[in-house]
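Single-structure report; data block below.
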Amino acid sequence: MPESGLRQRLEENVRAVRQRMELACQRAQRPVSAVRLVAVTKYAQPAWMRELFSLGELDWGENRPQQLASRAGEFPETVRWHLIGTLQRNKAQLAARHAAVVHSVDSVRLLETLEKQAATCQRTLPVLLEVNISGEAQKHGFTPAELLAVAGAAPATPHLSIEGLMTMAPHSDLPEESRGVFRGLRELRDRLREQVPAWPLRDLSMGMSGDFEVAIEEGATLVRVGSALWEGLEALSPHSLNK
């Protein structure tokens, strides 16, 4: 049956990603439990997601708040939805209502808007502050200097828990080229811990399919992996087999 082939391939993909994570943790002398896999479901078909759920992978990342909100209603509440894409302030209500974690808070104004929406929802919303470590003009996020400057004067956010930082490395076919960006985020986190003791800053969200091993070696606690999990599933999906 096509479904069994799909499940087998997905199991193999998950196992391979988990093994790569484990080896990276060993190299960095970190416990495997220190790093969580966030499965990026942006392009995943519902059938793939159902199989992933059955395999016990429960941290899922969506780029768009509308799709996150829609899919959150289609899967069990045990799934932890991570909003990893750019969040506009007019969509903050969706994030505050449906996301378990928002990775992409890139301005003080968005921080203030999420605080208001989380208060309306009567919840404490975990968030990460997005940082543009690489300095690329097309990337969102605080610059390190901006974040250090605003940290001491950041607005009171009793309904937000600022759990850490997030960044994206420049695209490269060489994972090692991302190391400086990931190390820079960890070092910035360490400086912020001294400056703002009230911020937990437990998490570093960094690393994707091509470079998550380097990210783990540099301290990532959340790795956002999509293509490495879904590789080869398109050809095994029923609609593909019937073409």
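A short reminder: the numbers here are calculations on the coordinates, not readings from a lab. Just so it is clear, the structure is predicted and the values come from calculations on it, not from any experiment. Quick reminder, even Gly has a Cβ in these numbers, built from the backbone with ideal geometry, and neighbours come from all protein chains shown.
Kirkwood Rh, region 2-233, all Cα pairs: how many Å?
Values: mean 1/r = 0.0555 Å⁻¹.
Kirkwood hydrodynamic radius for region 2-233: 18.0 Å.
At a temperature of 37 °C and a viscosity of 0.692 mPa s, determine how fast region 173-243 diffuses translationally according to Stokes-Einstein, using the Kirkwood radius over alpha-carbon pairs as Rh; express D in µm²/s, rounded to the nearest whole number. Don't skip to the answer; put the middle values down first.
Working: Rh = 14.2 Å.
It comes out at roughly 232 µm²/s.
In deg cm²/dmol and to the nearest 500, what is the mean residue ellipticity at 222 nm of the chain if only DSSP H runs of at least 4 residues count, each as -39500 (n - 2.57), divided by the residue total? Walk me through the numbers before you get to the answer.
Values: 10 runs with 103 residues, N = 243.
My calculation for the chain gives -12500 deg cm²/dmol from helical runs alone.
Alpha carbon centre of region 134-164 versus region 58-125: separation in Å?
Cα centres, region 134-164 to region 58-125: 17 Å.
Could you line up THR143, THR78, THR221 from fewest to most neighbouring Cβ atoms inside 10 Å? If you can, show how the numbers build up before the last one.
Working: THR143 12, THR78 8, THR221 17.
Fewest to most other Cβ atoms nearby, the residues stand as THR78, THR143, THR221.
Over its Cα atoms, what ratio of radius of gyration to 2.2 N^0.38 Å does region 10-124 give? Each step should come with its number before you reach the end.
Values: Rg = 15.8 Å, N = 115, 2.2 N^0.38 = 13.4 Å.
Compactness ratio reported: 1.18.
Report the per residue volume, in Å³, of the convex hull enclosing the C-alpha atoms of region 101-243.
On the way: hull volume 20.6 nm³, N = 143.
Value for region 101-243: 144 Å³ per residue.
To make sure I understand, if each residue's beta carbon is the centre and we count other beta carbons within 10 Å, what order do LEU174, LEU114 fall in, fewest to most?
On the way: LEU174 10, LEU114 24.
Least to most surrounded, the residues fall as LEU174, LEU114.
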